[in-house]
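Peer 1: Right, I'll just put the structure down here and ask away after.
The values are calculated or read from the model by the stated rules, or taken from the named source; none is laboratory data. Nothing here was measured: the structure is a model prediction, and the numbers come from that model. In this analysis, Cβ positions are derived from the backbone assuming ideal geometry, glycine residues included, and neighbour counts consider all displayed protein chains. Quick note on the areas: whole protein, heavy atoms, side chains included, nothing else; ligands and nucleic acids left out. Shrake-Rupley method; radii C 1.70, N 1.55, O 1.52, S 1.80 Å.
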Amino acid sequence: MKAGLVSRRNVVAGTAGLAILVGVGAAKLAGTVVRRGMPVGRLMPGQAMSEPVALELSGPEGSQSALASRRGVPFLLHVWATWCPPCRHELPALAAFTRAWGPDCPVVPVAVSSGSPSDVHAFLSRNGIVGLPAWTVDGIALKAWYGAAELAIPVTFLIDGKGRIRATAAGPLDWGASGAADALRRALAATIV
């Protein structure tokens, strides 16, 4: 009789344990869904919040780019880092988004505090992230322009044609969502009005 009682206890305990594992798995799965990021459409412009962007970007093999050269056309400045888990999770979808948009994609991804452009390029290659440029930006200059002592990343800035921040999204964006490209077109168009 004791063997039957122990057996039932094991079944009950095993069933309870399985239920806990399923609950934990569901919570992790739900966490994965949350990690997809905010909708791109949340980047709708408000009042200008900054001085015009004058950041210099560094690229592989000594290439340089001035964000001031983009004046006249609104764009997104997406700041990420190689050591940032949410950034690493977001990058493949961002790369797919930029490839699908084409060569005139208005998203400028830049790595901060991630080493040299060659280091960033090696990181992207090592992780199979194709199509993202290996631009880097100086963290001190970025914080000075944004006017913050600290900056949470990833962060995306909607920059208007005059180079000013019109909206920000702290955290990853859902680049893979259906309608993300249309949402970005609407946000960019709204900076012109």
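One line per residue, one yes/no per condition, for (1) modelled with pLDDT of 95 or more; (2) within 21 Å of Asn127 (Cα to Cα); (3) open to solvent by 10 Å² or more (accessible area, probe 1.4 Å):
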| residue | (1), (2), (3) |
| --- | --- |
| Glu51 | no, no, yes |
| Pro60 | no, yes, yes |
| Ala68 | no, no, yes |
| Arg71 | no, no, yes |
| Ala81 | yes, yes, no |
| Cys87 | yes, yes, no |
| Pro92 | yes, yes, yes |
| Ala96 | yes, yes, yes |
| Trp101 | yes, no, yes |
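Peer 1: Now a separate question. I'd like the full set of residues that are in a loop (DSSP other than H, G, I, E, B) and surrounded by fewer than 19 Cβ atoms within 10 Å (Cβ to Cβ), limited to the range 134-145.
Peer 2: Of everything in the range 134-145, just one residue is in a loop (DSSP other than H, G, I, E, B) and surrounded by fewer than 19 Cβ atoms within 10 Å (Cβ to Cβ), namely Asp138.
Peer 1: Still on this model: Report, by residue number, each residue of the range 122-133 that is surrounded by 19 or more Cβ atoms within 10 Å (Cβ to Cβ) and at pLDDT 95 or above.
Peer 2: Phe123, Leu124
Peer 1: Any residue at all in the range 167-179 that is in contact (Cβ under 8 Å) with a residue 12 or more places away in the chain, out of contact with any Lys or Arg (no Cβ under 9 Å at 6 or more places or on another chain), small (Gly, Ala, Ser) and over 14 Å from Leu77 (Cα atoms)?
Peer 2: Checked the range 167-179: at least one residue is in contact (Cβ under 8 Å) with a residue 12 or more places away in the chain, out of contact with any Lys or Arg (no Cβ under 9 Å at 6 or more places or on another chain), small (Gly, Ala, Ser) and over 14 Å from Leu77 (Cα atoms).
Peer 1: If you take the residues of the range 146-189 that are in a strand (DSSP E or B) and among the small types (Gly, Ala, Ser), which of them is surrounded by the fewest Cβ atoms within 10 Å (Cβ to Cβ)?
Peer 2: Initially, the range 146-189 is screened for residues in a strand (DSSP E or B), giving 155-159, 165-170, 173.
Narrowing the set further to residues that are among the small types (Gly, Ala, Ser) leaves 167, 169-170.
Numbers: Ala167: 20, Ala169: 19, Ala170: 11.
Out of the qualifying residues, it is Ala170.
Peer 1: If you don't mind, another one. Take the residues of the range 69-88 that are without any contact (Cβ under 8 Å) to a residue 60 or more places away in the chain and part of a loop (DSSP other than H, G, I, E, B): which is farthest from Trp135 (Cα to Cα)? Show your work before the answer.
Peer 2: We begin by selecting, within the range 69-88, every residue without any contact (Cβ under 8 Å) to a residue 60 or more places away in the chain; these are 69, 82-83, 85, 88.
Adding the requirement that they be part of a loop (DSSP other than H, G, I, E, B) leaves 82-83.
Numbers: Thr82: 12, Trp83: 15 Å.
For the range 69-88, the residue satisfying everything is Trp83.
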